[in-house]
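Q: Have a look at the structure that comes next, please.
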Amino acid sequence: MTDAKIEALVIRALTEPAKLGAIAGANDLTTEQLREWVEAYRDAGTERLRALSARQGRLTVAMFSTQPYDRKFFEGALAGARSLHVDFFRERLTPKTADMAQGYDAICAFVNDRLDAPVLEALARRGVRAVALRCAGFNNLDLDVAKDLGLIVTRVPGYSPEAPAEHAVALMLALNRKLIRSHRRVAEGNFALQGLLGFNLHLTTVGIIGTGQIGTALARILHGFGCRILAYDPQPNDDCRTLGVEYVELDELLDQSQVISLHCPLNESTRYLIDSATIAKMPKGVMLINTGRGALIDTSAVIQGLKTGQIGYLGLDVYEQEEELFFEDRSFEIITDDVFQRLLTFPNVMITGHQGFFTRQALSAIAESVVTNLLAIEANQPAPDAIQY
Ligand code: NAD
């Protein structure tokens, strides 16, 4: 048995002393052998042991892909949650870093952590029994495998949907009124308006694809602008209808909307929803906004659309290959993704690095929601936001 495995068993035995015999039996050990190892750890009196005993009796959580801001908001939310022990890791969860979950009961993951079959299997082998996503989308998780492994998976379905909705509007306005270019001109003492002409959002037809929480929040904002709002969603909702949103078929939305904004989840039926065929159905010069997930769009097809002028404006907060780029300072690195670099050369493209969720209110709501779910798991209660298999 490897040292890591022994340590994992000792941690479990320390965490659940009443189950020491069962843990030993399940791992072909005698109770005596396991007790000896536990005592050896106790006698060692090392930092490691202090860390282990700090976890004793608590649900231990390895949180991946954390930045200082995650830590700040989670430390706030964890203040009263004494039955949880969370370790913050900067590393993204991948097959290479899955080892770091050894001995933890749960992991907490973000949008670009990998939760495919090899990683989920590696986690389960290391004793992890729950995956708490700190995001709404779960396209990065293999649900069938998680189910087969008996993992509890929770997500954060309804945190501050206004955060990404308002970011979509920020992209629309900044592209339309050419705010970056305009600010640069003014900073250089150039007050010419040539090239900065925009259009009123008032009475413009905007198509929203996906009217769940975020799409509905966007509809509320655009209603305030006086837009005509079309929507496509297999499950229309009454809140949108009350706002005067007109539900239409996808083709009609594509045909009639001068601005199109994507708010559906990424799954096998929505991958590359925007490709050369759907782009051809849009009016020439359309504004396309994607704050959903990168792979809703075939980026190469969109680049072709930008070259021909079919797409007049492109606002992205997400990118299909973002996991190798986003959330880190790469300003001193050579970016080798030529598709991404090509996008940056267009004057009518604006890209932000997946910051739609990034408001104080949303981070606070995410942390509170994840902690609530983890506390339920710790208490062996149904987690409120568990994905139902
Ligand atoms: P939600 O589950 O409340 O709503 C999704 C809606 O999409 C549902 O109404 C569903 O019926 C609809 N839908 C499903 N398939 C569709 C299809 N083929 N065509 C059109 N509509 C379809 O989710 P939400 O909270 O509104 O979030 C939407 C997505 O936004 C998430 O899945 C996530 O990918 C993304 N998101 C991005 C950020 C960010 O920071 N940029 C933040 C949060 C969420």
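Q: Could you tell me which of rounded, prolate or oblate describes region 124-260, using a ≥ b ≥ c as the square roots of the eigenvalues of the alpha-carbon gyration tensor, with rounded for a/c under 1.5 and, failing that, prolate when a/b is larger than b/c and oblate otherwise?
A: oblate
Q: Suppose every K and R has +1 on its Cβ and every D and E has -1 on its Cβ; what is the size of the dipole of region 162-351 about the Cα centre, in Debye to the nearest 20?
A: Once rounded to the nearest 20, the dipole reads 980 debye.
Q: Considering only the other residues whose Cβ falls under 14 Å of the Cβ of Y272, what net charge follows from Lys and Arg at +1 and Asp and Glu at -1?
A: Cβ neighbours under 14 Å give a net charge of -2.
Q: Still on this model: Relative contact order of region 261-312, please, whole-number percent, based on alpha carbon pairs below 8 angstrom and at least 6 residues apart.
A: 48
Q: Given the chain, report the % of alpha carbon pairs whose separation exceeds 27 Å. Numbers along the way, then the final one.
A: On the way: 42040 of 75466 pairs.
The answer is 56 percent, as a whole percent.
Q: Around T291, under 13 Å between beta carbons, what's the net of Lys plus Arg minus Asp minus Glu among the other residues? Walk me through the numbers before you get to the answer.
A: Values: positive: R293; negative: E162, E166, D317, E322.
Its environment carries a net charge of -3.
Q: I've got another one for you. Using Cα-Cα distances under 8 Å and only pairs 6 or more residues apart, what relative contact order does the chain have, in percent?
A: It comes to 15 percent, rounded to a whole number.
Q: Also: What is the helix-to-structure angle for 299-308, meaning the angle in degrees between its Cα long axis and the longest Cα principal axis of the chain, kept from 0 to 90 and rounded to the nearest 10?
A: The angle comes out at about 10 degrees.
Q: Follow-up question, since we're still on this one. Helix 213-225: angle to the longest alpha-carbon principal axis of the chain, degrees 0 to 90, nearest 10?
A: Taking Cα atoms only, the helix is inclined about 30 degrees.
Q: Want the number for N27 to A277: 0.36 nm per residue separation, take away the alpha-carbon distance, what's left?
A: Full extension of this stretch gives 84.4 nm more.
Q: In addition: Jot down the radius of gyration and Dmax of region 248-389, Cα atoms only, both in angstrom.
A: Just the Cα atoms of region 248-389 yield Rg and Dmax of 18.3, 58 Å.
Q: Net charge near A136, counting Lys/Arg +1 and Asp/Glu -1 over other residues with Cβ under 12 Å of its Cβ?
A: Numbers: positive: R134, R155, R293; negative: D385.
Taking every other residue near A136 into account, the sum is +2.
Q: Taking the simple approach of a point 7 Å from Cα along Cα-to-Cβ for both R342 and K284, what is their distance in nm?
A: That separation, rounded to one decimal, is 2.2 nm.
Q: Now for a separate question. Need one number: nm distance between label points at A386 and E7, each 7 Å from Cα along Cα→Cβ, rounded to one decimal.
A: 3.0
Q: Given a cut-off of 26 Å, name the pairs among K19/K72; K178/K284; K178/K307 whose C-alpha atoms lie farther apart than that in the structure shown.
A: K19/K72
Q: Here is a follow-up. Give the calculated FRET efficiency between L179 and M100 to the nearest 0.05, with a Förster radius of 35 Å applied to their Cβ-Cβ distance. Provide the component values of the computation, followed by the final result.
A: On the way: r = 42 Å, r/R0 = 1.19.
The value I calculate is 0.25.
Q: What is the distance, in nm, between label points placed 7 Å from the Cα along the Cα-to-Cβ direction at D87 and at V248?
A: In this crude label model, D87 to V248 measures out at 5.5 nm.
Q: Amide H neighbours of A136 under 5 Å, counting only residues 5+ apart in sequence or on other chains, H built in-plane at 1.01 Å?
A: V156
Q: Name the residues of region 86-127 whose amide N is less than 17 Å from a point 7 angstrom out from the Cα of D144 along the C-beta direction?
A: 115-121
Q: I've got another one for you. Using a ≥ b ≥ c from the Cα gyration tensor of region 162-351 (square roots of the eigenvalues), is it rounded, prolate or oblate, where a/c under 1.5 gives rounded and otherwise the larger of a/b and b/c decides, a/b for prolate? Walk me through the numbers before you get to the answer.
A: Values: a/c = 1.65, a/b = 1.24, b/c = 1.33.
The shape class here is oblate.
Q: Give me the distance between the Cα centres of region 77-120 and region 213-234, rounded to whole Å.
A: 35
Q: Can you tell which of T30, T211, T94 shows the greatest fluctuation in a Gaussian network model of the chain with Cα springs below 10 Å?
A: T30
Q: Then there is this: Using a ≥ b ≥ c from the Cα gyration tensor of region 175-216 (square roots of the eigenvalues), is it rounded, prolate or oblate, where a/c under 1.5 gives rounded and otherwise the larger of a/b and b/c decides, a/b for prolate?
A: Details: a/c = 5.28, a/b = 2.46, b/c = 2.15.
The shape class here is prolate.
Q: Can you find, among V145, L296, Q33, the residue sitting farthest towards the positive end of the charge dipole of the chain, where Lys and Arg contribute +1 and Asp and Glu -1 at Cβ?
A: The one lying farthest along the dipole's positive direction is L296.
Q: Report the relative contact order of region 305-355, percent, no decimals, based on alpha-carbon pairs under 8 angstrom and at least 6 residues apart.
A: On the way: 34 pairs, mean separation 28.4, N = 51.
Relative contact order comes out at 56 percent.
Each value in this text was obtained by applying a stated rule to the coordinates, not by laboratory testing. Note that the coordinates shown come from a computational prediction; the quantities given were computed from them, not determined experimentally. Because the Cβ atoms are built from the backbone with ideal geometry, glycine has one as well, and the counts that use them run over all protein chains shown.
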